[in-house]
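Q: To start, I am sharing the structure in question, which I have written as structure tokens.
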Protein chains: 2
Amino acid sequence: MLTIGTMAKRTGTKVQTIRYYEQIGLMPEPGRTGGGQRRYGAADLDRLAFIRHARELGFSLEAIRELLDLSDTPEKSCAEIDAVAQRQLREVQARIARLQSLEVELRRMIAECHSDRVADCRILEVLRDHEECLSDHKGAGLRGMPL
Amino acid sequence: MLTIGTMAKRTGTKVQTIRYYEQIGLMPEPGRTGGGQRRYGAADLDRLAFIRHARELGFSLEAIRELLDLSDTPEKSCAEIDAVAQRQLREVQARIARLQSLEVELRRMIAECHSDRVADCRILEVLRDHEECLSDHKGAGLRGMPL
DNA sequence: CTTGAAGCTACAGTTGCTGTAGCTCTTATA
DNA sequence: TATAAGAGCTACAGCAACTGTAGCTTCAAG
């Protein structure tokens, strides 16, 4: 029987986070001591480890919920699980691409600043006047995406 | 004199977001018509475009606030502006590195699933049993970092 | 003068937690 | 067995950076 603190230490989770997962139904309600404290079993520890690892891989809690549900129906579900993972991979790749273009632009910005030692800083100019910023805002593109 | 909707269209911002920026003091309080509607000038449009472009580059609203404050003091501030940009670049690079390692792991996971056609899906196993997940949770590492 | 789009305020909700206040419980030691 | 530290409890507020909703008012074209 594990206390919530032990669960937290073993999985690198904060205690409040575990309670939060319980609150949103991602972790089951565990047993309690007479005094009302939570006591967990080995299966709970596995489940929490699963959640944390998936979170580290960038899966949303919704996707994790999906994976946990799928794992309860072992037949016919490998393809669906694969689809969730594929979707996650595509999201990660899109974020990488986006960040890489940001990196290029930031580098360029910083380079221009250094080349222009005495005059006013170019970084602010670049930020102010970037071409595509006062036009062409119909296409949504990646705008809503988290970086 | 520009309406808030025109500002929104020109910069690709939602109307509510502009009002939000005003609320948190990032945009100034504009003039109002007799009926209470906001009317903006060219300087406001520039400032909003600056904010949006910086946001697209991944700068936090706090960093943008810093840049806007610095841009009001043109002397001696280029180095500080450069520092903000350098910090942003480092953050972007760290996020790219993190995402790339996620990508590798996701790919590996998916590959194992495909190689194992009939048996139970390996993805769940991998998520459940990753080596470092039930140990070594003292070092913070990149754990708190946004992906 | 009417009508419909656009604007207004105020507030709730989003994601994934984290922090705080003010308690109570457990457990090791004296 | 008493006590005290540390861990746990609930309930709620707060974070970033918006987004959406309800229910109204104003503006501008025809």
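The values are calculated or read from the model by the stated rules, or taken from the named source; none is laboratory data. Quick caveat, the model's predicted, so the values are computed rather than measured. We place every Cβ from the backbone using ideal geometry, glycine too, and count neighbours over all the protein chains shown.
Q: Every residue in the stretch B:59-72 that is in contact with a helix residue (DSSP H, G or I) (Cβ under 9 Å, 6 or more places away or on another chain) and either more than 7 Å from chain A (Cβ to nearest Cβ) or surrounded by 20 or more Cβ atoms within 10 Å (Cβ to Cβ) (or both), please. Reasoning before the result, please.
A: Going through the stretch B:59-72, the residues in contact with a helix residue (DSSP H, G or I) (Cβ under 9 Å, 6 or more places away or on another chain) turn out to be B:59-61, B:63-64, B:66-68, B:70-71.
Scanning the stretch B:59-72 gives B:F59, B:S60, B:L61, B:A63, B:I64, B:E66, B:L67, B:L68, B:L70.
Q: Quick check on the stretch A:23-47: of everything there that is more than 11 Å from DNA strand C (Cβ to nearest atom) and in a helix (DSSP H, G or I), which residue is farthest from the other protein chains (Cβ to nearest Cβ)?
A: So in the stretch A:23-47, the residues more than 11 Å from DNA strand C (Cβ to nearest atom) come out as A:25, A:27-31, A:40-47.
Imposing the further condition that a residue be in a helix (DSSP H, G or I) reduces the set to A:42-47.
Values: A:A42: 11, A:A43: 11, A:D44: 13, A:L45: 8, A:D46: 6, A:R47: 9 Å.
The extreme case among them is A:D44.
Q: Quick one: which residue in A:R52, A:R65, A:R95, A:R90 is out of contact with any Pro (no Cβ under 6 Å at 6 or more places or on another chain), assigned to a helix (DSSP H, G or I), in the same structural domain as A:V126 (by TED's automatic domain parsing) and more than 16 Å from DNA strand D (Cβ to nearest atom)? Give the steps one after another, and end with the answer.
A: Numbers: A:R52 fails: in the same structural domain as A:V126 (by TED's automatic domain parsing); A:R65 fails: in the same structural domain as A:V126 (by TED's automatic domain parsing); A:R95 fails: more than 16 Å from DNA strand D (Cβ to nearest atom).
Result of the check over A:R52, A:R65, A:R95, A:R90: A:R90.
Q: I've got another one for you. Considering only the stretch B:4-22, state which residues are more than 11 Å from DNA strand D (Cβ to nearest atom), over 19 Å from the mean Cα position of the chain (by Cα) and within 14 Å of another protein chain (Cβ to nearest Cβ).
A: B:M7, B:K9, B:R10
Q: Which residues, counting only those in the stretch A:1-11, are near DNA strand C (Cβ under 10 Å from one of its atoms) and within 19 Å of A:E56 (Cα to Cα)? Show your work before the answer.
A: From the stretch A:1-11, those near DNA strand C (Cβ under 10 Å from one of its atoms) are A:1, A:3, A:8; that's our starting set.
Residue satisfying the conditions is A:A8 alone.
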